[in-house]
Amino acid sequence: VQLVESGRGLVQAGGSLRLSCAASGRTFSTGVMGWFRQAPEKEREFVAALIRTGSSTYYADSVKGRFTISRDNAGNTIYLQMNSLKPEDTAVYYCAARAGLPIVTTVGQYQYWGQGTQVTVSS
């Protein structure tokens, strides 16, 4: 499974940005797709995830109410709509996919990763 992110950008605090992640290859083997982020000198952390062919979603408390994860009908492209951005949202954002279910938040349980895309929020 290959994951390719797009939508990197620099925005002011309070602004919005939308990330996309396109999956290709053996996508049928994946049950969950999601987003993680990693700020400088910090560990990679869970942001949001969804069931690739279902409707369930899950968010980190830090982004709940501001970020929305969604997918296309086929479940091969996911999106992360980020609103009310804060400087602390600045990070490299990674798309990830996991074989099987359920939605989990630990880095080590996702087998497939994109290359990451930079999001910078200025104050």
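Here, each number is a calculation from the coordinates, and none is a lab measurement. Fair warning: this is a prediction, and the values are worked out from it, not measured in the lab. Backbone-built Cβ (ideal geometry, glycine too); neighbour counts: all protein chains shown.
Does region 42-114 come out rounded, prolate or oblate by the C-alpha gyration tensor, with a ≥ b ≥ c the root eigenvalues, rounded set by a/c under 1.5 and, if not, prolate when a/b is larger than b/c and oblate if not? Verdict is oblate for region 42-114.
Centre-to-centre, using Cα atoms only, region 77-123 and region 1-50 are separated by 3 Å. Local charge for Met82 was computed over the other residues whose Cβ lies under 14 Å away, with Lys and Arg +1 and Asp and Glu -1, and equals +3.
Summarising the label geometry, the points placed 7 Å from Cα in the beta-carbon direction at Ser24 and Asn73 lie 2.2 nm from one another.
For Phe67, the residues whose amide H sits under 5 Å from its own are Asn83, ignoring neighbours fewer than 5 places away on the same chain, with H placed 1.01 Å from N. For the pair Ser122 and Gln81 in one chain, pulling the backbone fully straight at 0.36 nm per residue adds 13.0 nm over the alpha carbon distance. Other residues lying with their Cβ under 12 Å from the Cβ of Phe36 contribute a combined charge of +1, Lys and Arg counting +1, Asp and Glu -1.
Note that region 60-67 has calculated 3J(HN,Hα) couplings of 5, 4, 5, 10, 4, x, 10, 9 Hz, one per residue in order, obtained from phi through the Karplus relation 6.51 cos²θ - 1.76 cosθ + 1.60 (θ = phi - 60°); glycine and proline are x. Using DSSP to call loops (not H, G, I, E or B), can you name the GluC sites (Glu not before Pro) in region 7-61 whose Cβ has at most 11 other Cβ atoms within 10 angstrom? Here the sparse-neighbourhood loop sites are Glu41, Glu43.
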